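No value in this document is a laboratory result; all are computed from the given coordinates. As the structure is a computational prediction, the values presented were derived from the model and not from experiment.
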């Protein structure tokens, strides 16, 4: 009988995966992505109802946010801002991320974030004291998300 413990081989390597972005109907691999984290923060209402001594909790909404590190080598966000500045319309983007480590038996997870808005858009960056690749960090928001594919239990726990 298999042991029910976490096997190191089933944990996911953080660089094993990929990301795609859809902007103006055009899909492309996020070759400029270095790191991404996205979260859903639940809005929880609490209320002590009459006759109860404990406060009860109810989920009443959610908010999507995250942060990312990008290599400074793509002008898409800057072009989107320029379009917004001229027209007043900001389309945002959809982003899709897949975590999949071939060594793991949990399979893969694929999520899509909708109406992603970067909070900081790089315009220019120069630094004569570094030979490292230029990166920039930006927080972002998203208005909706879907889990297209979910992890499964590790093989030794099924």
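Structure summary
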{"quantity": "Structure-based [θ]222 nm, the chain - -39500 (n - 2.57) summed over DSSP H runs of at least 4, per residue, nearest 500", "calculated": "-2500 deg cm²/dmol"}
{"quantity": "On Cα atoms only, tilt of 76-87 relative to the major axis of the chain in degrees", "calculated": "70"}
{"quantity": "The stretch 1-92: translational diffusion in µm²/s, Stokes-Einstein, Kirkwood Rh over Cα pairs, 37 °C, 0.692 mPa s", "calculated": "180"}
{"quantity": "Selected from 49, 12, 148 as most flexible by GNM, with the chain as the system and alpha-carbon contacts under 10 Å", "calculated": "49"}
{"quantity": "Candidates 35, 89, 58: whichever shows maximal mean-square fluctuation once the chain is modelled as a Gaussian network with Cα springs under 10 Å", "calculated": "58"}
{"quantity": "Of (1) 56, 37, 24; (2) 57, 50, 36; (3) 49, 34, 26, the label for Cα extents along the principal axes in Å derived from the coordinates", "calculated": "(2)"}
{"quantity": "Within a Gaussian network of the chain (alpha carbon springs, distance under 10 Å), most fluctuating of 146, 132, 32", "calculated": "132"}
